[in-house]
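**Student:** Okay, handing you the structure first.
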Ligand code: C2E
Ligand code: MG
Ligand code: MG
């Protein structure tokens with residue numbers, strides 16, 4: 001084996017080399033060239049083998065020689081080509097940019113190229129190193145552990161595969177730098193060596209790896225931002241988006257590329273955002289803008305501060321738009337809250353004072369200026385104590401600071417001093433201001449002026465204790481004062497009186513003249529009562545027409561005298577709207593402490609009972625309470641409850657008392673009088689239950705029953721011709737009956753139904769009811785008269801009325817009260833002055849002057865009858881003539897017997 005270096009081919013070989021095939025096979029041209037050469041040596045033809053002559057032999061030798069030369073030439077050509085290939089390989093091996101090595105199966109490096117030597121710091125000697133060379137180096141040294149292991153495994157496996165690749169290995173170069181490499185291993189043919197050889201190619205992946213790491217880092221940076229960082233292309237498709245964008249738009253990274261806004265956000269937001277993109281693309285300028293992102297209905301709108309800018313490629317061409325959006329929703333909300341707080345501070349009507357931690361004023365609002373009268377400038381730097389008034393004790397401020405120290409808060413009422421010196425009351429709420437870390441920064445006080453509220457409270461207090469109509473203390477205040485009076489009297493052993501007054505006929509005034517006149521009357525009563533008591537006495541209105549007077553340190557007789565004095569005062573003529581000279585009257589009851597009760601309730605109740613007795617025994621009276629009254633009260637109460645069922649149980653009876661002509665004692669009619677057949681009590685007189693019925697509102701029902709009963713009965717008797725046409729029947733009605741809207745028409749109807757001529761009926765109204773008739777009452781009376789019904793004034797003389805008022809009444813008869821008659825002639829006779837008689841004479845004279853008929857009630861003896869007749873009284877009723885009796889008995893006694901059918 002020749003070891004010489006390849007020689008440049010000769011001119012002849014050059015051509016042959018150029019013609020040689022890469023495989024080195026003999027070429028026909030080569031043989032041609034050899035033959036040509038033989039001919040140059042003089043051989044014209046090839047030796048013939050069977051001619052064994054020297055010449056022939058020589059010829060053969062020459063032929064062999066030529067063949068040998070040809071073969072030799074061929075060999076030379078082949079060697080040349082091999083050496084050429086080897087040198088090309090070496091050239092390539094040496095100069096390729098990737099580090100390349102030839103290693104054995106132990107990774108010892110036998111050959112290395114320029115780059116490999118650079119990397120691994122090898123001398124050129126390694127080129128020819130063998131595994132036995134003492135300074136031979138293993139590639140394994142340069143590799144990190146995983147690389148080492150993997151390479152070893154591969155090498156151990158030998159030549160199973162032609163090429164192998166180990167990726168992502170890390171190699172340390174001789175200068176200590178780390179390189180990321182792919183290691184390609186090519187198994188070399190075992191031509192001249194007993195052991196294996198491998199060509200190793202190291203492909204440096206470090207820049208790529210670096211880029212990848214950079215990309216990761218860059219993405220991590222983007223993702224770590226809470227801002228939305230993104231880029232869109234010219235068509236609006238997403239090119240880049242950080243994690244915040246993906247989260248906000250609720251898309252994953254795989255979907256992000258190319259995604260258009262309108263597919264992941266509300267259209268209105270997408271349109272606005274695209275428009276700003278377009279603006280950036282159009283102008284090539286960055287912009288700052290606010291953007292909104294609407295969530296699902298009901299969720300708050302997110303607000304972003306966005307910076308958008310054009311994205312340029314390396315050549316400066318616009319690629320798209322980059323954007324960084326910062327979510328400022330919370331910031332905005334905080335700003336708005338702050339704005340609101342600021343507005344509240346500025347415009348609040350409350351005074352707001354902010355101090356530093358030393359308590360010096362640093363800020364006040366307009367509300368403060370208005371409330372305190374101090375300007376902002378005049379108080380800054382001062383302490384809020386400049387508002388202090390002497391009305392608030394030091395203990396309050398002590399408690400205030402203690403609460404602030406302990407709880408950071410205090411609230412309560414303070415009385416402040418206004419800049420003008422006047423005082424005003426505030427509700428004050430003070431809070432400590434602390435930083436998020438808990439350090440004290442100062443205090444804020446909010447003060448509400450409650451002076452007006454206080455005044456209103458006082459007014460409410462007053463209203464809740466005083467009657468709004470009369471201004472007198474009301475029931476609540478009266479009870480309060482009564483309790484106090486009681487306690488004082490108990491302590492000091494004093495007596496006092498409770499006076500209960502109830503107006504008489506107040507209902508009539510109210511019903512006929514209206515509530516306004518009623519109110520006017522009540523006010524006047526209140527005033528009169530107040531004007532006639534001592535300053536230490538309390539006059540209160542209990543409600544309705546009831547008044548109570550408390551008389552401290554008063555004896556029984558003095559209390560009664562005062563009651564009379566008050567009644568006199570009330571009776572003075574009074575001008576009311578629509579009625580002149582009204583004389584108010586009241587029934588008064590008096591109870592004394594301690595005799596009549598030792599509690600407030602008991603005293604009031606007993607005074608009320610006494611008043612009730614005064615009322616039922618003729619009104620316009622004053623009564624001192626007695627225990628008997630309570631018993632009477634109990635009785636009255638029992639009547640009251642039973643009476644309500646009396647009509648349903650058919651317990652009422654109609655009695656008739658005949659009326660006589662005093663001249664000849666002939667009957668001229670009758671008066672219908674009600675009776676109650678009360679279970680377990682027997683026949684009960686109307687005198688007992690009528691006042692009670694009136695008080696509880698049952699009287700109109702009783703009157704209606706009597707009227708219907710009487711007219712029906714009359715109709716029957718009249719139809720039977722038993723009732724003479726000149727007789728009249730008197731029916732008692734109360735004034736309030738006539739006030740009822742249907743009373744008159746009902747009467748008319750009843751008369752018609754029973755075919756009773758109106759002139760057979762007379763209605764009796766008591767004098768007290770007619771005492772001060774209102775215009776509407778007079779109208780009704782006239783209407784009644786117009787019907788043809790007679791009208792009598794009953795119990796005349798008891799009502800303290802002036803006789804002149806009779807003129808205005810459309811009456812036909814006057815019934816002189818029996819009290820006058822009984823006083824007139826006593827039986828047995830006893831000495832009397834003539835005043836009773838004079839009075840009756842005057843009544844008769846007046847009545848006759850007015851054209852009225854006179855009826856004497858309660859004629860009990862002949863002397864009375866005679867005198868009355870003598871004085872000119874036409875008619876009379878009385879036990880002398882006949883007591884009241886059941887209707888049937890009356891008929892039997894005084895009417896003609898019914899005609900036999
Ligand atoms: P009055 O209308 O003045 O009736 C006369 C009263 O005097 C009757 O009392 C009668 O029984 C009584 N009397 C008659 N003659 C004598 C006598 O000689 N001596 C005495 N001492 N009394 C005599 P009575 O029936 O108890 O009625 C009392 C009052 O009750 C009546 O007084 C009347 O005002 C009222 N009254 C009776 N019935 C009714 C009624 O149906 N409706 C209304 N509103 N009041 C009635
Ligand atoms: Mg009567
Ligand atoms: Mg009478």
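**Student:** Just checking, which of 723, 717 is in a loop (DSSP other than H, G, I, E, B), more than 16 Å from ligand 2 (Cβ to nearest atom), in contact (Cβ under 8 Å) with a residue 60 or more places away in the chain and crowded, with 17+ Cβ neighbours inside 10 Å? Give the derivation first.
**Tutor:** Values: 717 fails: in a loop (DSSP other than H, G, I, E, B).
None of the other options fit; the residue is 723.
**Student:** Something else now. Restricting to region 355-378, count the residues that are free of Cβ contacts under 8 Å to residues at least 24 places away in the same chain, surrounded by 19 or more Cβ atoms within 10 Å (Cβ to Cβ) and part of a helix (DSSP H, G or I).
**Tutor:** 1
**Student:** Every residue in region 861-881 that is within 15 Å of ligand 1 (Cβ to nearest atom) and at positive phi, please.
**Tutor:** Selection gives 878 alone.
**Student:** Between residues in region 868-893 that are under 19 Å from residue 812 (Cβ atoms) and residues that are within 16 Å of ligand 3 (Cβ to nearest atom) and part of a helix (DSSP H, G or I), which pairs lie under 8 Å by C-beta distance while being six or more apart or on different chains?
**Tutor:** Sorted first by the residue in region 868-893, then by its partner, the pairs are 868/821; 868/824; 868/840; 873/840; 876/868.
**Student:** Next question, about the same structure. Checking residue 805 against (1) away from ligand 3 (no atom under 16 Å from the Cβ); (2) surrounded by 15 or more Cβ atoms within 10 Å (Cβ to Cβ); (3) at pLDDT below 75; (4) farther than 29 Å from residue 509 by Cβ, which single condition isn't satisfied?
**Tutor:** All conditions are met except number (4).
**Student:** Please indicate, with yes or no, whether at least one residue in region 691-701 is at pLDDT 95 or above and within 16 Å of ligand 2 (Cβ to nearest atom). Show your work before the answer.
**Tutor:** The initial filter retains those residues of region 691-701 that are at pLDDT 95 or above, namely none.
No, region 691-701 contains no residue that is at pLDDT 95 or above and within 16 Å of ligand 2 (Cβ to nearest atom).
**Student:** On to the next question. Go through region 754-768 and count every residue that is assigned to a helix (DSSP H, G or I), surrounded by fewer than 22 Cβ atoms within 10 Å (Cβ to Cβ) and away from ligand 3 (no atom under 16 Å from the Cβ).
**Tutor:** Residues that pass the stated criteria total 2.
**Student:** From the list 842, 887, 847, which one is modelled with pLDDT under 90 and either within 16 Å of ligand 3 (Cβ to nearest atom) or within 27 Å of residue 675 (Cα to Cα) (or both)? Spell out how you get there, then give the answer.
**Tutor:** Values: 842 fails: either within 16 Å of ligand 3 (Cβ to nearest atom) or within 27 Å of residue 675 (Cα to Cα) (or both); 887 fails: modelled with pLDDT under 90.
Among 842, 887, 847, only 847 is modelled with pLDDT under 90 and either within 16 Å of ligand 3 (Cβ to nearest atom) or within 27 Å of residue 675 (Cα to Cα) (or both).
**Student:** Now for a separate question. List the number of the failed condition for residue 649; all other conditions in (1) out of contact with any strand residue (DSSP E or B) (no Cβ under 9 Å at 6 or more places or on another chain); (2) more than 16 Å from ligand 3 (Cβ to nearest atom); (3) assigned to a helix (DSSP H, G or I) hold.
**Tutor:** (3)
**Student:** Can you tell me which of 285, 273, 302, 338 is surrounded by fewer than 12 Cβ atoms within 10 Å (Cβ to Cβ), on the phi < 0 side of the Ramachandran plot and in contact with a strand residue (DSSP E or B) (Cβ under 9 Å, 6 or more places away or on another chain)? Give the derivation first.
**Tutor:** On the way: 273 fails: surrounded by fewer than 12 Cβ atoms within 10 Å (Cβ to Cβ); 302 fails: surrounded by fewer than 12 Cβ atoms within 10 Å (Cβ to Cβ); 338 fails: in contact with a strand residue (DSSP E or B) (Cβ under 9 Å, 6 or more places away or on another chain).
Just a single option satisfies the conditions, and that option is 285.
**Student:** Pairs, please: C-beta under 7 Å, at least 6 apart or cross-chain, first residue at positive phi and in region 841-858, second within 16 Å of ligand 1 (Cβ to nearest atom)?
**Tutor:** Matching pairs, first to second residue: 858/818; 858/821; 858/822; 858/878.
**Student:** Just wondering, is there one or more residues in region 549-572 that are under 22 Å from residue 619 (Cβ atoms) and within 50 Å of the chain's Cα centre (by Cα)? Before the answer, list the steps.
**Tutor:** First, pick out the residues of region 549-572 that are under 22 Å from residue 619 (Cβ atoms): 549, 559-572.
So of that shortlist, the ones also within 50 Å of the chain's Cα centre (by Cα) come out as 549.
Yes, the conditions are met somewhere in region 549-572.
**Student:** Residue 811 fails exactly one of the following numbered conditions: (1) modelled with pLDDT of 95 or more; (2) crowded, with 18+ Cβ neighbours inside 10 Å; (3) within 16 Å of ligand 2 (Cβ to nearest atom). What is the number of that condition?
**Tutor:** It is condition (1) that residue 811 fails.
**Student:** Which number in (1) under 30 Å from residue 706 (Cα atoms); (2) buried (at least 18 other Cβ atoms within 10 Å of the Cβ) marks the one condition that residue 640 misses?
**Tutor:** Result: residue 640 fails condition (2) only.
Here is a yes/no grid of residues against (1) in contact (Cβ under 8 Å) with a residue 12 or more places away in the chain; (2) more than 16 Å from ligand 3 (Cβ to nearest atom); (3) within 25 Å of residue 544 (Cα to Cα); (4) crowded, with 17+ Cβ neighbours inside 10 Å:
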{"residue": "622", "(1), (2), (3), (4)": "yes, yes, yes, yes"}
{"residue": "629", "(1), (2), (3), (4)": "yes, yes, yes, yes"}
{"residue": "659", "(1), (2), (3), (4)": "yes, no, no, yes"}
{"residue": "675", "(1), (2), (3), (4)": "yes, no, no, yes"}
{"residue": "687", "(1), (2), (3), (4)": "no, no, no, no"}
{"residue": "696", "(1), (2), (3), (4)": "yes, yes, yes, no"}
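**Student:** Of the residues 273, 219, 278, 285, which is at pLDDT 85 or above and not in a helix (DSSP H, G or I)?
**Tutor:** On the way: 273 fails: not in a helix (DSSP H, G or I); 219 fails: not in a helix (DSSP H, G or I); 278 fails: not in a helix (DSSP H, G or I).
After ruling out the rest, the residue left standing is 285.
**Student:** Residue 710 - would you say it is modelled with pLDDT of 90 or more and either more than 16 Å from ligand 3 (Cβ to nearest atom) or surrounded by fewer than 18 Cβ atoms within 10 Å (Cβ to Cβ) (or both)?
**Tutor:** Values: modelled with pLDDT of 90 or more: yes; either more than 16 Å from ligand 3 (Cβ to nearest atom) or surrounded by fewer than 18 Cβ atoms within 10 Å (Cβ to Cβ) (or both): yes.
Yes: the conditions hold for residue 710.
**Student:** Among what's in region 730-753 and is within 25 Å of residue 875 (Cβ to Cβ) and outside any helix (DSSP H, G or I), pick the residue that is nearest to ligand 3 (Cβ to nearest atom).
**Tutor:** Looking at the filtered set, the residue picked out is 732.
**Student:** Additional query: Going through region 775-792 one residue at a time, which ones are within 60 Å of the chain's Cα centre (by Cα), without any contact (Cβ under 8 Å) to a residue 60 or more places away in the chain and surrounded by 15 or more Cβ atoms within 10 Å (Cβ to Cβ)?
**Tutor:** The first filter runs over region 775-792 and keeps only residues within 60 Å of the chain's Cα centre (by Cα), leaving 775-780.
With the extra rule that they be without any contact (Cβ under 8 Å) to a residue 60 or more places away in the chain, the set shrinks to 778-780.
Correct list: 778, 780.
**Student:** Among the residues of region 888-897, count how many are surrounded by 12 or more Cβ atoms within 10 Å (Cβ to Cβ) and either assigned to a loop (DSSP other than H, G, I, E, B) or in contact with a helix residue (DSSP H, G or I) (Cβ under 6 Å, 6 or more places away or on another chain) (or both).
**Tutor:** Quick first cut of region 888-897, residues surrounded by 12 or more Cβ atoms within 10 Å (Cβ to Cβ) only: 889-891, 893-896.
Filter once more, so that each one left must be either assigned to a loop (DSSP other than H, G, I, E, B) or in contact with a helix residue (DSSP H, G or I) (Cβ under 6 Å, 6 or more places away or on another chain) (or both): 895-896.
So the answer is 2.
The values are calculated or read from the model by the stated rules, or taken from the named source; none is laboratory data. Remember, predicted model here, so these are calculated numbers, not experimental data. In this analysis, Cβ positions are derived from the backbone assuming ideal geometry, glycine residues included, and neighbour counts consider all displayed protein chains.
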